[in-house]
1. What does the convex hull of the Cα atoms of the stretch 114-232 come to per residue, in Å³, rounded to a whole number?
2. Using the beta-carbon distance between Ala128 and Arg426 and R0 = 45 Å, what value does 1/(1 + (r/R0)^6) give for FRET efficiency, to the nearest 0.05?
3. Please order Glu43, Glu274, Glu346 by the number of other Cβ within 10 Å, starting at the fewest.
4. Antiparallel DSSP bridges in the chain: what percent, to the nearest 5?
5. How big is the dipole moment of the stretch 324-457 about its Cα centre under a simple scheme where the beta carbon of each Lys and Arg is +1, that of each Asp and Glu is -1, and everything else is neutral? Debye, nearest 20, please.
6. Want the number for Leu198 to Asn159: 0.36 nm per residue separation, take away the alpha-carbon distance, what's left?
7. If we count other beta carbons within 10 Å of each Cβ, what is the order of Thr237, Thr56, Thr256, Thr73, fewest first?
8. Once phi is turned into θ = phi - 60°, what whole-Hz ³J(HN,Hα) does the Karplus curve with 6.51, -1.76 and 1.60 give for every residue of the stretch 4-12, x standing for Gly and Pro?
Amino acid sequence: MLLTDVLYESLLNVLPLGFRAASAALRSNGKAALKHHFAQSSELDYATLPYNTDVTDLIHSAKAQGRRVYLATSANAKHAKAIADHLGVFDGWFASDDQTNLSGDLKAKLLAAAFGKNGFDYLGNGPADFPVWDVADKAYAVGLSNSLKRRLATLKGSNYIALDDGNAGGRAWFKSLRVPQYVKNLLIFLPLAASHRLSLADLIADVIAFLAFCSCASAVYIINDLLDLKSDRAHPTKRARPFASGLLQPRTGLLTVPALLVFSLALAITISPEFVGVLFCYLSLTSAYSVYFKRKMLLDVLVLAMLYTTRIFAGGLAAQIQISNWLFSFSMFIFTSLALIKRYVELATRLDRSLSDRSGRDYRIGDLDVVAALAAAAGLNAVTIFAFYVTSPDVQILYRHPKALWLICPILLYWIGRALMMAHRRLMDDDPVVWALRDRTSAIAVASMIALVIVAI
């Protein structure tokens, strides 16, 4: 009935409360006690959980025909009661408690005793439901693999009815891994491009570094989505994310994260121990952002800017290139500006939809003008730093026509100002980087700046 598993939902709901609650549950004696501890410690929003509409339609149809409908679940009784109360269609429910895990043979015996063998129809979604299907009249199933479908068809014959919920597919994983966000990791190539030194070995090292950061970032994005399930489902757009909407299961995400991290580490080791250290710092900082800093006013945007700058540092380390202080300074200010624009868009969206201030965040809708001013100031400071860089002795050595770089300043000023105007006019998504990828004018601006650098060289 649900497109998610309340056991894992409870686990993820408890984790932000601290390890004491989670460890107490993990010390439980048996799966039933584990479910009970997680259920009692968690606070789920049952109204926003992703329900399978095919299943709920079937339930309402049976109820309309005058049939009795019961919820029989291996989930804890707390969850069963809350879901039954929310839907308001069940005549009763059966569920696990702190002593009994209502699954498999135990559930089959209970339902056969309550309704008689072949005296009820049953809808399930996994291998543990086969003992129940065996004693049921009709077997409804959802979300089974092809092999389990064939097995159930052999068991029940014409009494098997499949409710196909479809597979998540590549598109859901594409969104969950945040593949468009990989463009941010192109910053890894910036030190190599700025050094005017290009070798195949350095390029290969940066490509490996890029893949390592992409894999690591995807793992953190999944962690973030899993920890934010409750808040994402209350968000007007984030509720469509694969894990929040039920396209992907929390359990799948929890298994994918370590696989991505191991792959990232394996790539990093091929570069150098120092690069492994930088990758670990990036992982630690981005994890700290997800768990703590994103809820702290202004600290969140500074940490985001540091994460961007870390990518640049990692690229230089991979290609063994010394990064100038000019590049570090410019990156901190430009990325602080972009992070503040992102916060501005989020606050403006809540204002336009008459939503209250978001819980767990220090920003208030009344901060909108201040955030815009800070974003503009940071962006203009980035342009100022670039102007100072153009006049530095380093530029006279690196470029044959350094005066051409001056033309980048007005383009940067225009692009930053336009980004702020688009945000103010509500024509930007919540991430200015993603917006820039789709914005034709931004593409022209970037191409123009690259052309000027080539002319200067």
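Every read-out reported here was derived from the displayed coordinates using simple, explicitly stated rules and does not represent laboratory data. Everything numeric in this text was worked out from a predicted model, so none of it was measured. Note: ideal-geometry Cβ built from the backbone for every residue, glycine included; neighbour counts use all protein chains shown.
1. Numbers: hull volume 18.5 nm³, N = 119.
In the stretch 114-232, the Cα hull volume divided by residue count equals 156 Å³.
2. On the way: r = 49 Å, r/R0 = 1.08.
E(calc), rounded to 0.05, equals 0.40.
3. Numbers: Glu43 9, Glu274 13, Glu346 18.
Ascending Cβ contact count within 10 Å gives the list Glu43, Glu274, Glu346.
4. Details: 1 of 12 bridges.
Taking every DSSP beta bridge with both residues in the chain, the antiparallel ones total about 10 percent.
5. Values: 14 positive and 11 negative charges, 51 e Å.
That gives the stretch 324-457 a dipole magnitude of about 240 debye.
6. On the way: separation 39, 0.36 × 39 = 14.04 nm, distance 6.71 nm.
Between Leu198 and Asn159, full extension yields an extra 7.3 nm.
7. Details: Thr237 10, Thr56 14, Thr256 17, Thr73 22.
Least crowded to most crowded, the residues run Thr237, Thr56, Thr256, Thr73.
8. 8, 10, 5, 5, 6, 4, 5, 4, 5
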